[in-house]
Amino acid sequence: MIGSLYSSDDLVALWISLRLATLTVLLLLLLCTPLAWWLATTRSRLRVIGEATAALPLVLPPTVLGFYLLLFLGPNGWGGALMHALGLRPLSFSFGGLLFGSVLYSMPFMMQPLQNSFQSVGVRMLEIAATLRATPLDRFFSVAVPLARRGFITGAALTFAHTLGEFGVVLMLGGNIPGRTQTASIAIFNHVETFDYAGAQRLSLTLLLTCFALLLLVYATNRRTPDPTAAQV
Amino acid sequence: MSLLSRMLPALWLLTATAAQCDDLNIAVAANFYGTLQKMAPMFEQASGDHLLLSSGSSGQFYTQIHESAPFDVFLSADADRPKQLESDKLAVAGSRFTYAIGTLVLWSPKDGVVDHDGKVLKAGRFHMLGIAEPRTAPYGAAAQQVLTALGLWDRLNADKKLAVGENINQAWQFAATGNVDMAFVALSQVSKDGSIAGSYWLPAQSLYAPIEQDAVILEHSAHQKAAAAFLKWLRQDPQAIATIKAAGYHVRE
């Protein structure tokens, strides 16, 4: 059934996209949670610099970002030299490279919702928890994270959808290699380039429906869980 | 553990067969991608090697090859970049040759818009004309040469009647979707089995420099022998040449 609907190249491309989006979400959850918490709670002057930096990937056109990443991760760049010093192969034109690019490119989509929801948790609840002798780590995991769960859900969904639709960065950094760095969005581009509109529409529809179902689920969940931060003060 | 032990013989088989036939990574210019897709099974059957095709713009591939992209062969949309790669010592010296020569066509998907002498251009009774970016796309440069030879380039620019696509496929899309009245595109884009739907004009080859598309083997390729065999096949095999011609290209006789 599925085999007749998609070519084997398309199925592999969908699988690569799915893996890329899932791993990008997981890595960004690990990376952005502490960073967003710091941005939401710090009074340091560095905060504005941090906020501005975290939003930068939105500014550059994706192919330009991909170009700079290619120079950085290539054998002549710092990133490539670092990998070489560690005895590893350069990340460019590999799945690892795509993951690196996606994490950077999708970072604002995780950071902003997390920072916003951490900010709306406010310090009061945490101070109450502190009076009950909760350690800082305990306060974070048993108070802040549950209260900010809407931010986590929204950030994860946006990051996932954004990574699925990613094109310019992965094309430049990955090189459109079937089975290795050819994602579903690039496969769609290939279908269009060869005037195979039926193939392009099948894959596009798959991406659209997947993302629509996911976002629907997220927003329905968000609606049913009342905003835990709304009632406080 | 039992799963792994069951998979091991299969893995061994996979690597064993991989040792006998090569996977060739081909970076192919977007305009030739569809044609090469049709040709790949012929070569694979003849040689036993497998072709992995990556489609993209020639400029993008040029940059990526400078960053050690794992391609074995580069089929460019022009001759300049393969020449440059040769002098950069990134392409195997002497491997370069012209695998296809492009033909420029002024095309509209509608009948009766473009006449067979291209008089429609001089008459100027059209809203917009699509071309590819002359600075980066070879077909765009050819279109500019034709319009300059006809003495129309400056006027069309002054009248803002040129819609410039990033590449030749975008110029085609402008016309195919009806957003421009007609566009300079590649014959390979609009010719299907030797016939063209819509109306068109083929400018004389004397009006523009030949659109030569060159191929090279890349220096860092680990499959030099298989890559050389592929280029030899592309250059000499009668079936390969017939497919290239049927797609709307010339070849050097």
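Tabulated data
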| quantity | calculated |
| --- | --- |
| The listed residue being within 22 Å of the chain's Cα centre (by Cα) and within 23 Å of residue B:250 (Cα to Cα), out of B:176, B:137 | B:137 |
| Enumeration of residues in region B:182-228 that are surrounded by fewer than 21 Cβ atoms within 10 Å (Cβ to Cβ), in a helix (DSSP H, G or I) and in contact with a Ser or Thr (Cβ under 6 Å, 6 or more places away or on another chain) | B:187 |
| Test result for residue A:69, in a helix (DSSP H, G or I), surrounded by 15 or more Cβ atoms within 10 Å (Cβ to Cβ) and within 13 Å of another protein chain (Cβ to nearest Cβ) | yes |
| Selection status of residue A:102, polar (S, T, N, Q) and either within 14 Å of chain B (Cβ to nearest Cβ) or over 23 Å from residue A:22 (Cα atoms) (or both) | no |
| Matching option when the condition is out of contact with any helix residue (DSSP H, G or I) (no Cβ under 9 Å at 6 or more places or on another chain) and assigned to a helix (DSSP H, G or I), among A:36, A:21, A:52 | A:52 |
| Region A:150-186, residues that are closer than 30 Å to residue A:223 by Cα and in contact with a Ser or Thr (Cβ under 7 Å, 6 or more places away or on another chain) | A:150, A:151, A:153, A:159, A:162, A:163, A:164, A:165, A:166 |
| Region B:212-230 residues that are at pLDDT 95 or above, paired with ones that are basic (Lys, Arg) (beta carbon under 6 Å, 6 or more apart) | B:214/B:96; B:216/B:96 |
| Set A:152, A:118, A:109: member being over 30 Å from residue A:185 (Cα atoms) and more than 14 Å from chain B (Cβ to nearest Cβ) | A:118 |
| Search result, residues across region A:114-149 that are within 23 Å of residue A:218 (Cβ to Cβ) and not in a helix (DSSP H, G or I) | A:148 |
| Residue check for residue B:34: more than 9 Å from chain A (Cβ to nearest Cβ) and assigned to a helix (DSSP H, G or I) | no |
| Looking only at region B:41-55, and only at residues there that are surrounded by 16 or more Cβ atoms within 10 Å (Cβ to Cβ) and part of a helix (DSSP H, G or I), the one that is farthest from the other protein chains (Cβ to nearest Cβ) | B:47 |
| Residue A:80 within 14 Å of chain B (Cβ to nearest Cβ), farther than 16 Å from residue A:35 by Cβ, without any contact (Cβ under 8 Å) to a residue 24 or more places away in the chain and touching a helix residue (DSSP H, G or I) at 6+ places or on another chain (Cβ under 6 Å) | yes |
| From A:40, A:36, A:52, residue being more than 28 Å from residue A:177 (Cβ to Cβ), among the small types (Gly, Ala, Ser) and exposed (fewer than 15 other Cβ atoms within 10 Å of the Cβ) | A:52 |
| Count of residues meeting criterion [buried (at least 19 other Cβ atoms within 10 Å of the Cβ), hydroxyl-bearing (Ser, Thr, Tyr) and more than 9 Å from every other protein chain (Cβ to nearest Cβ)] in region A:165-197 | 2 |
| Residue within region B:93-106 that is within 14 Å of chain A (Cβ to nearest Cβ) and farther than 15 Å from residue B:230 by Cα present | no |
| Single match in B:100, B:141, B:77 (criterion: over 20 Å from residue B:178 (Cβ atoms) and surrounded by fewer than 22 Cβ atoms within 10 Å (Cβ to Cβ)) | B:141 |
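Residue-wise test of (1) at pLDDT 95 or above; (2) closer than 20 Å to residue A:74 by Cβ; (3) within 11 Å of another protein chain (Cβ to nearest Cβ).
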| position | (1), (2), (3) |
| --- | --- |
| B:28 | yes, no, yes |
| B:38 | no, no, yes |
| B:57 | no, yes, yes |
| B:63 | no, yes, yes |
| B:68 | no, yes, yes |
| B:74 | yes, yes, no |
| B:89 | yes, yes, no |
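Rundown of residues vs (1) hydrophobic (A, V, I, L, M, F, W, C); (2) touching a Gly at 6+ places or on another chain (Cβ under 9 Å); (3) closer than 30 Å to residue A:154 by Cβ; (4) buried (at least 23 other Cβ atoms within 10 Å of the Cβ), yes/no style:
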site: A:92; (1), (2), (3), (4): no, yes, no, yes
site: A:97; (1), (2), (3), (4): no, yes, yes, yes
site: A:102; (1), (2), (3), (4): no, no, yes, yes
site: A:126; (1), (2), (3), (4): yes, no, yes, no
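The values are calculated or read from the model by the stated rules, or taken from the named source; none is laboratory data. Since this is a predicted model, take the numbers as computed values, not measurements. Quick reminder, even Gly has a Cβ in these numbers, built from the backbone with ideal geometry, and neighbours come from all protein chains shown.
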